[in-house]
Amino acid sequence: MAPGAGTSTPAVSLVPARAKPRLRALDGLRLIAALMVAAYHYGGRDGEITEAWGSSPKAQFPTAHAWFAYGCLGVQIFFVISGFVICMSGWGRPLRSFFASRASRLLPSYWAAIVLVTAVFALPAVAYDAVSPSDALVNLTMLQQPLGADRVLGVCWTLWAELRFYALFALCVVLPGATRARVVLFCAVWTLAAAMAQAADQPLLDVVLMPEYAPFFVGGIGVHLIHRDRRDLTAWGITGVSWLIGQHYAVSGLWHAPDPDFFSYRSSLVIIAIVTAGFAAVLLIALGHLHRANWRWLTVAGALTYPFYLVHEHLGWVCVQVLHQGFGLPSYVTLGLTIAAMPAPAWVLHRYVEAWLTPALRTGLGRNLTA
């Protein structure tokens, strides 16, 4: 039994959930979320992608761009999945193993993506500006946002949110030892503290407690508790409250976004529907209702989703510009070919970086932390 765990908790409860069969449907949901984000970056917003198309995506996709604009909600779905997976993988694990697992999962492809995108943007033929050498080096730490450095990868802001979630979960749950009571307390305290941080309007509290993202992480944790025991009414309550708060933040942040790079006036009902579908999909997977989605190719898709997510935006700008402005291909053909092309660099990162560096990093970190 982990230090600090209640003596009434049976030892079997600390058997890591990761020993169970892989939930391939969860890999499929990751893929859907990644494709949503890609559609958003290519056709649902302005910014640098406008330079790649030669005009606003509104002009390129007069009807579809309004739907592509909802693709950014794929990030919220990722956060719900992350809450589920981190609770599952951290349960019954010592802190050193949890740290080694998370670091070895995130860093190899991330480092490679930083180097790849920086190198591509440094090519004379590429019209997009690369960040300074100093800022590129800072990006290797994943701490570029709090340090005020320019970002190499536009999507890295989500990794900064993930890092803060990992830190909170590690300190409050993994370090003292995961029990149901401790996980429930963590969810309750974080939810209440995040709401108080929102009311207090203090930047430091916002950075630590992430009011706008906390309900999605907490919701995923609640779903994992349901996965462990579907009769757990408290877990259902955690998930339900998280959904209610999460849809509020999604609507308030996206219905009329203040940033000029975002399309405004999305339908609040559609936003609520997508957030609800994300929660529902993870819940259905947790309850085993999607067990038939057990195709092996989903495991491959799940493995490629993270490197795809890292490189698709910036390399996609280059691909869109070459295909649409260089070769004169129609907008929808360019969009389809660009999305189809992005798994190639993702596979390279997975095959030649993750395949050898991830286990080496996990073993090395685990060994050093036990010394």
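The values are calculated or read from the model by the stated rules, or taken from the named source; none is laboratory data. As the structure is a computational prediction, the values presented were derived from the model and not from experiment. Glycine gets a Cβ as well: all are built from the backbone with ideal geometry, and neighbour counts include every protein chain shown. Keep in mind that these areas ignore ligands, DNA and RNA; they rest on the heavy atoms of the full protein, side chains included. Shrake-Rupley method; radii C 1.70, N 1.55, O 1.52, S 1.80 Å.
Points to keep in mind about this one:
- Some residue of segment 319-328 being within 19 Å of the chain's Cα centre (by Cα) and among the polar types (S, T, N, Q): no
- Breaking point among (1) within 13 Å of A38 (Cβ to Cβ); (2) touching a residue at least 40 places away in the same chain (Cβ under 8 Å); (3) within 18 Å of the chain's Cα centre (by Cα); (4) open to solvent by 20 Å² or more (accessible area, probe 1.4 Å), for L315: (3)
- Number of the condition not met by V184 [criteria: (1) open to solvent by less than 20 Å² (accessible area, probe 1.4 Å); (2) in contact with a Ser or Thr (Cβ under 7 Å, 6 or more places away or on another chain)]: (1)
- At least 2 residues being under 26 Å from V117 (Cβ atoms) and not aromatic (F, W, Y) is the threshold, and among the helices (runs of 4 or more DSSP H) wholly inside segment 248-353 those reaching it are 297-320, 331-341, 343-349.
- So G302, is it touching a helix residue (DSSP H, G or I) at 6+ places or on another chain (Cβ under 6 Å) and closer than 28 Å to L225 by Cα: yes
- Only one of the listed residues (A340, A346) is buried (at least 19 other Cβ atoms within 10 Å of the Cβ) and either closer than 22 Å to R45 by Cβ or of a type in the set (V, I, T) (or both). That residue is A346.
- Residue pairs whose Cβ atoms lie under 9 Å apart, separated by 6 or more positions or on different chains, with the first residue in segment 191-207 and within 18 Å of P146 (Cβ to Cβ) and the second of a type outside the set (A, V, I, L, M, F, W, C) and assigned to a helix (DSSP H, G or I), are A197/D206; L205/Q198; D206/Q198; V207/P146; V207/R164.
- Qualifying residues in segment 50-74 (those that are of a type in the set (A, V, I, L, M) and farther than 23 Å from V275 by Cβ) - the one most open to solvent (accessible area, probe 1.4 Å): A59
- Applying the criterion of at least 1 residues that are out of contact with any Ser or Thr (no Cβ under 7 Å at 6 or more places or on another chain) and among the basic types (K, R) to the helices (runs of 4 or more DSSP H) found wholly in segment 17-114 leaves 57-60.
Table: residues versus (1) under 24 Å from I32 (Cβ atoms); (2) open to solvent by 10 Å² or more (accessible area, probe 1.4 Å); (3) under 22 Å from the mean Cα position of the chain (by Cα).
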site	(1), (2), (3)
V189	no, yes, no
D201	no, yes, no
V207	no, yes, yes
Y213	yes, yes, yes
H224	yes, no, yes
A235	no, no, no
W243	yes, yes, yes
L269	yes, yes, no
